[in-house]
Amino acid sequence: MNSWIWYFWIYSFLGWLVELAFATVSRSEERRRRCMLFLPLCPVYGLGMLAVLCLPPMGWLGLTVWGGLAATAVEYVYHWAGERFLGVWFWDYSQVFGNLRGRICWPFAVAWGLLVWVAVRFIQPWATVLAEAVLPAVTYIGLLVFTADTVCSFRFLRVTGDLKEMRATRLL
């Protein structure tokens, strides 16, 4: 269980880095993307990779296709839940080719597939070593901090419904 929590955090952090890079490259207004109130984590990436890690072992093509589909399914559910329970749209693909209700689209499903293959092939071995080396006490403290941030983030979004303001919030 300890390892799965760390996989979630590792891939959520790496996803946050991907979001920052994408925002910079695309010259997005939201250059300072923030997925949680304080922590540099983007949980949709962590959840997507957990879904992928639950798939049976397969070759690179199967991993790319099925992993991309699994991550895309998680992306759809994550967006739906944000809309349904928090009243926010985390992203809007309605102007992108092959979108489904603005929640998912073909170009990003393909990107998920490629990211999944890279993550499983090159990052997961490192993530496994790191996750197994962490002391349970460190995981417990991290879980407390993560839970506090999650509760604050959900409360903030539920009350304000303002993603832009949450993304602009600074620690100090």
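The values are calculated or read from the model by the stated rules, or taken from the named source; none is laboratory data. Quick caveat, the model's predicted, so the values are computed rather than measured. Backbone-built Cβ (ideal geometry, glycine too); neighbour counts: all protein chains shown. Quick note on the areas: whole protein, heavy atoms, side chains included, nothing else; ligands and nucleic acids left out. Shrake-Rupley method; radii C 1.70, N 1.55, O 1.52, S 1.80 Å.
Solvent exposure of region 1-137 amounts to 56 Å² per residue of accessible area, where only protein heavy atoms count and the probe is 1.4 Å.
Computed over region 118-172, the P(r) tail beyond 14 angstrom holds 70 percent of alpha carbon pairs. Between LEU55 and CYS152, the contour length at 0.36 nm per residue exceeds the alpha carbon distance by 31.7 nm. For region 1-149, the relative contact order comes to 26 percent (Cα pairs under 8 Å, sequence separation of at least 6). Remark on the chain: CYS54, CYS105, CYS152 stand apart, with no other cysteine beta carbon under 4.7 Å.
About the Cα centre of region 56-163, what is the dipole size in debye to 20, counting +1 per Lys and Arg Cβ and -1 per Asp and Glu Cβ, all else neutral?
Its charge dipole is roughly 160 debye.
A dipole drawn for the chain from +1 and -1 charges on Cβ atoms has a positive end, and of LEU157, TRP117, TYR11 the residue lying farthest that way is LEU157. For the set MET1, MET58, MET166, solvent exposure ranked by accessible area (probe 1.4 Å, protein chains only) runs largest to smallest as MET1, MET58, MET166. Taking all Cα pairs closer than 8 Å and separated by 6 or more residues, the relative contact order of region 81-172 comes to 29 percent. Each listed q (0.17, 0.20 Å⁻¹) maps to a log10 I(q)/I(0) for region 53-111, found by the Debye formula over equal Cα scatterers with no solvent: -0.60, -0.75.
Suppose R0 equals 25 Å; then what is the FRET efficiency for VAL77 and PHE97 from their Cβ-Cβ distance, rounded to the nearest 0.05? It would help to have the intermediate numbers written out before the result.
Values: r = 22 Å, r/R0 = 0.87.
Approximately 0.70, to the nearest 0.05.
Length gain on complete extension for the stretch GLU165 to GLU132, per 0.36 nm per residue less the alpha carbon to alpha carbon distance? Let's see the in-between values first.
Numbers: separation 33, 0.36 × 33 = 11.88 nm, distance 3.68 nm.
Net length gain for the segment: 8.2 nm.
Mind checking the full-extension length gain between PHE13 and PHE85? Use 0.36 nm per residue of separation minus the Cα-Cα distance, one decimal, nm. Show your work: numbers first, answer last.
Working: separation 72, 0.36 × 72 = 25.92 nm, distance 2.36 nm.
So the extension gain works out to 23.6 nm.
The calculated pair-distance distribution of region 11-88 uses every alpha carbon pair, bins of 5 angstrom beginning at 0, and gives 3, 15, 18, 23, 21, 12, 5, 2 percent.
Arrange the residues CYS54, CYS35 by how much accessible surface each exposes, largest first, with a 1.4 angstrom probe.
Numbers: CYS54 100, CYS35 30 Å².
Solvent-accessible surface, decreasing: CYS54, CYS35.
For region 5-114, the residue among ASN99, GLY62, VAL52 whose Cα projects farthest onto the positive side of the dipole built from Cβ charges is ASN99.
Based on DSSP H segments of at least four residues, each scored -39500 (n - 2.57), the chain has a per-residue ellipticity at 222 nm of -21500 deg cm²/dmol. Karplus-based coupling profile of region 88-96, in residue order and whole Hz: 10, 9, 5, 7, 9, 9, 4, 9, 9, with θ = phi - 60° in 6.51 cos²θ - 1.76 cosθ + 1.60 and x standing for Gly or Pro.
At 1.4 Å probe size, with the rest of the protein present, what percent of the exposed accessible area of region 52-127 is carbon and sulfur atoms? Mind dumping the intermediate values first?
Values: 3300 of 4540 Å².
Its accessible area is 73 percent carbon and sulfur atoms.
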